[in-house]
Amino acid sequence: MTARAANDLDPFWMPFTANRSFKAHPRLLASARDMHYFTPDGRPILDGTAGLWCVNAGHARRPIVEAIQRQAEILDYAPTFQLGHPLVFELAARLGMLFPADIDHVFFAGSGSEGVDSALKIALAYQRAKGFENRTRLIGRQKGYHGVGFGGISVGGLENNRRGFPTLPGVDHLSHTLNLKEAAFSRGQPTWGAHLADELDALIAEHGAETIAAVIVEPLSGSAGVIVPPVGYLERLREITARHGILLIFDEVITAFGRVGGATASETLGVIPDLLICAKGLTNGAVPMGAVGVRGAIYEAVVNQAAASGIEFFHGYTYSGHPLAAAAGLATLDVYEDEGLYQRATELAPYWEEAVHGLRGLPHVIDIRNLGMVAAIELAARPDAPGARAMDVFHTAFDEGILIRVTGDVIALSPPLIISRAQIDELIDHLSQIIRRTR
Ligand code: PMP
């Protein structure tokens with residue numbers, strides 16, 4: 001079958017996508033290898049976004065494909081209730097070595113959103129275990145994205161995700177740190193904005209530290225349109241939370257596994273949280289999986305309390321540590337390490353920065369932001385149609401063979417870490433032409 005009837009596209013209720021506009025011009029991906037997707041008619045699309053920030057090692061890498069195939073033959077599924085299987089212990093140990101400092105116990109989930117909900121529950125369970133029954137307040141950030149579960153939309157700060165739904169009580173939001181007046185066209189971390197962390201002190205003064213369980217932030221916000229943390233900002237959050245017995249959770253769903261250079265953003269930026277959530281790059285996007293790394297002391301407190309009280313930390317998912325995901329995760333970590341991809345991201349980052357900042361001065365471009373192998377090009381919105389200009393660029397780019405991502409009028413780029421310098425030039429030069437042509 002070549003052309004599809006429009007009603008073939010009806011039964012699948014598409015995530016994040018209006019079926020009606022998709023149906024008018026379906027853009028389908030049929031296969032992928034290394035740096036490219038291919039459409040059903042075989043047209044290559046250069047992947048400028050690593051899928052959705054997840055395919056860090058490039059597509060359909062043999063060792064990962066073979067590990068998944070092998071595992072499907074050996075053990076397709078193992079119940080997560082009172083039973084385990086060897087690979088998931090091995091993966092937890094590998095992650096424990098990869099995560100910074102004493103973040104050496106890992107809880108598995110099926111996605112980033114489940115990882116976020118798990119981390120929030122672990123934080124609350126920890127405070128309860130330490131006898132701080134009143135520490136139930138959670139603090140997130142404006143424009144924060146922590147997935148679409150009820151926990152995630154509560155601590156998250158993207159209004160479109162929250163609107164129309166009930167959210168958890170007792171949640172506050174710090175300001176985001178994006179400021180085009182003070183910090184447009186910053187290269188890497190902006191020098192303006194660390195003082196915004198002091199809002200946490202104000203919230204502590206308002207509510208009392210003894211009511212606050214945890215602060216959750218993305219070290220680098222991705223989905224809100226790439227917000228790079230100001231120099232000193234995360235350090236200040238760390239200092240204030242530590243001083244007041246508040247847990248600091250880093251949502252590294254996007255940033256872990258080399259995206260900003262280093263195995264984690266925590267390592268790259270030198271700020272160590274108490275809990276670290278990852279997903280996406282954990283399996284190179286090939287099998288869904290999320291994970292929460294916690295400090296040994298957090299694990300000990302929660303399980304000891306559980307043993308003493310007889311109430312287990314009763315939480316988990318049918319697919320926590322799924323054998324296929326665990327196999328994919330182990331093979332993925334091997335590829336990252338064998339090919340030195342964290343190091344490669346660090347080495348490529350200056351070239352990437354130079355290339356993306358070369359778009360400065362193009363029509364509509366009002367800011368360019370970057371860190372590691374992430375970049376954002378913000379376009380001025382059309383007054384009558386916010387988001388339409390970037391969406392036009394997205395559509396043209398796809399139709400001409402490059403994949404970008406857009407959020408509002410921000411173009412976000414995060415290519416697989418195997419991208420060559422020539423492919424960076426191809427991506428950015430082509431994008432430059434498209435932006436010039438956009439009205
Ligand atoms: N947290 C962050 C920081 C994310 O970027 C995302 C996904 N983009 C999530 C959580 C949610 O992950 P998932 O879509 O796998 O549930």
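The values are calculated or read from the model by the stated rules, or taken from the named source; none is laboratory data. All values derive from a computational prediction rather than experimental measurement. We place every Cβ from the backbone using ideal geometry, glycine too, and count neighbours over all the protein chains shown.
Within the range 400-409, identify whether any single residue is of a type outside the set (A, V, I, L, M, F, W, C), closer than 14 Å to GLY48 by Cβ, surrounded by fewer than 18 Cβ atoms within 10 Å (Cβ to Cβ) and in contact with a His (Cβ under 9 Å, 6 or more places away or on another chain), and answer yes or no.
yes
Looking at GLY329, GLY293, which one is outside any helix (DSSP H, G or I), buried (at least 20 other Cβ atoms within 10 Å of the Cβ), within 16 Å of the ligand (Cβ to nearest atom) and touching a residue at least 40 places away in the same chain (Cβ under 8 Å)? Please lay out each step first, then the result.
Details: GLY329 fails: outside any helix (DSSP H, G or I).
That would be GLY293, the only listed residue that is outside any helix (DSSP H, G or I), buried (at least 20 other Cβ atoms within 10 Å of the Cβ), within 16 Å of the ligand (Cβ to nearest atom) and touching a residue at least 40 places away in the same chain (Cβ under 8 Å).
When the range 310-326 is examined, which residues are found to be in a loop (DSSP other than H, G, I, E, B) and in contact with a helix residue (DSSP H, G or I) (Cβ under 7 Å, 6 or more places away or on another chain)? Spell out how you get there, then give the answer.
First, pick out the residues of the range 310-326 that are in a loop (DSSP other than H, G, I, E, B): 310-322.
Once the filter is applied, which keeps residues that are in a loop (DSSP other than H, G, I, E, B) and in contact with a helix residue (DSSP H, G or I) (Cβ under 7 Å, 6 or more places away or on another chain), the range 310-326 yields GLU312, PHE313, HIS315, TYR317, GLY321.
Pull out all pairs, ordered by first then second residue, where Cβ-Cβ is under 6 Å, the residues are six or more apart or on different chains, the first lies in the range 97-113 and is at positive phi and in contact (Cβ under 8 Å) with a residue 12 or more places away in the chain, and the second is outside any helix (DSSP H, G or I) and away from the ligand (no atom under 16 Å from the Cβ).
ALA101/ILE272
One line per residue, one yes/no per condition, for (1) closer than 11 Å to TYR233 by Cβ; (2) part of a strand (DSSP E or B):
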position: HIS173; (1), (2): no, yes
position: GLY188; (1), (2): no, no
position: HIS195; (1), (2): yes, no
position: ALA202; (1), (2): no, no
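Residues that are touching a helix residue (DSSP H, G or I) at 6+ places or on another chain (Cβ under 8 Å) and closer than 17 Å to ALA349 by Cα: does the range 190-199 have at least one?
yes
Tally time: how many residues in the range 26-72 are of a type in the set (Lys, Arg) and over 23 Å from ASP399 (Cβ atoms)? Spell out the reasoning first.
As a first pass, look at the range 26-72 and keep what is of a type in the set (Lys, Arg): 27, 33, 43, 61-62, 70.
Narrowing further to those that are over 23 Å from ASP399 (Cβ atoms): 61-62, 70.
So the count comes out to 3.
Scanning for something surrounded by 24 or more Cβ atoms within 10 Å (Cβ to Cβ) and either at negative phi or within 16 Å of the ligand (Cβ to nearest atom) (or both), does the range 76-93 turn up at least one residue? Talk me through it step by step, then tell me what you get.
At the first step, the residues of the range 76-93 found to be surrounded by 24 or more Cβ atoms within 10 Å (Cβ to Cβ) are 91.
Keeping just the survivors that are either at negative phi or within 16 Å of the ligand (Cβ to nearest atom) (or both) gives 91.
So far as the range 76-93 goes, yes, one or more of its residues are surrounded by 24 or more Cβ atoms within 10 Å (Cβ to Cβ) and either at negative phi or within 16 Å of the ligand (Cβ to nearest atom) (or both).
Considering only residues that are farther than 24 Å from LEU275 by Cβ, surrounded by fewer than 18 Cβ atoms within 10 Å (Cβ to Cβ) and either within 16 Å of the ligand (Cβ to nearest atom) or in contact (Cβ under 8 Å) with a residue 60 or more places away in the chain (or both), which ones fall in the range 173-230?
LEU180, ALA184, PHE185, ARG187, GLY188
Taking the conditions exactly as written (assigned by TED's automatic domain parsing to the domain that holds ALA331 and not in a strand (DSSP E or B)), does PHE107 satisfy them or not?
Working: assigned by TED's automatic domain parsing to the domain that holds ALA331: yes; not in a strand (DSSP E or B): no.
Criteria not met by PHE107.
Tell me which residues, restricted to the range 111-152, are among the β-branched types (Val, Ile, Thr), within 14 Å of the ligand (Cβ to nearest atom) and buried (at least 24 other Cβ atoms within 10 Å of the Cβ).
Of the range 111-152, the ones among the β-branched types (Val, Ile, Thr) are 116, 122, 136, 139, 148.
Still in the list and also within 14 Å of the ligand (Cβ to nearest atom): 116, 148.
Answer for the range 111-152, where residues must be among the β-branched types (Val, Ile, Thr), within 14 Å of the ligand (Cβ to nearest atom) and buried (at least 24 other Cβ atoms within 10 Å of the Cβ): just VAL116.
In the set GLU267, GLU218, which member is among the acidic types (Asp, Glu) and either touching a Gly at 6+ places or on another chain (Cβ under 7 Å) or under 20 Å from LEU120 (Cα atoms) (or both)? Please lay out each step first, then the result.
Numbers: GLU267 fails: either touching a Gly at 6+ places or on another chain (Cβ under 7 Å) or under 20 Å from LEU120 (Cα atoms) (or both).
Answer to the check: GLU218.
Looking at the range 363-380 only, could you name the residues that are in a strand (DSSP E or B) and surrounded by fewer than 22 Cβ atoms within 10 Å (Cβ to Cβ)? Let's see the steps before the verdict.
Keep residues of the range 363-380 that are in a strand (DSSP E or B), which gives 365-371, 374-379.
Scanning the range 363-380 gives VAL365, ILE366, ASP367.
State all residues of the range 49-71 that are more than 16 Å from the ligand (Cβ to nearest atom) and not aliphatic (A, V, I, L, M); if no residue qualifies, say none. Break it down stepwise before answering.
Let us first name the residues in the range 49-71 that are more than 16 Å from the ligand (Cβ to nearest atom), namely 57-71.
Listed by number, the residues that qualify are GLY58, HIS59, ARG61, ARG62, PRO63, GLU66, GLN69, ARG70, GLN71.
Before we move on, is ALA78 in contact (Cβ under 8 Å) with a residue 12 or more places away in the chain and in a loop (DSSP other than H, G, I, E, B)? Can you show your working first?
On the way: in contact (Cβ under 8 Å) with a residue 12 or more places away in the chain: yes; in a loop (DSSP other than H, G, I, E, B): yes.
Considered against the rule, which asks whether it is in contact (Cβ under 8 Å) with a residue 12 or more places away in the chain and in a loop (DSSP other than H, G, I, E, B), ALA78 comes out as yes.
Does the range 344-358 contain any residue that is more than 21 Å from PRO190 (Cα to Cα) and in a helix (DSSP H, G or I)? Step through it out loud before you land on a result.
Residues of the range 344-358 more than 21 Å from PRO190 (Cα to Cα): 344.
Then keep just the ones that are in a helix (DSSP H, G or I); that gives 344.
Checked against the condition, which is being more than 21 Å from PRO190 (Cα to Cα) and in a helix (DSSP H, G or I), the range 344-358 yields at least one hit.
For the range 270-290, which residues satisfy the criterion of being surrounded by fewer than 24 Cβ atoms within 10 Å (Cβ to Cβ), closer than 21 Å to MET97 by Cα and among the hydrophobic types (A, V, I, L, M, F, W, C)?
Initial filter on the range 270-290 (surrounded by fewer than 24 Cβ atoms within 10 Å (Cβ to Cβ)): 270-272, 287-288.
From what is left, the residues that are closer than 21 Å to MET97 by Cα are 270-272.
Scanning the range 270-290 gives VAL271, ILE272.
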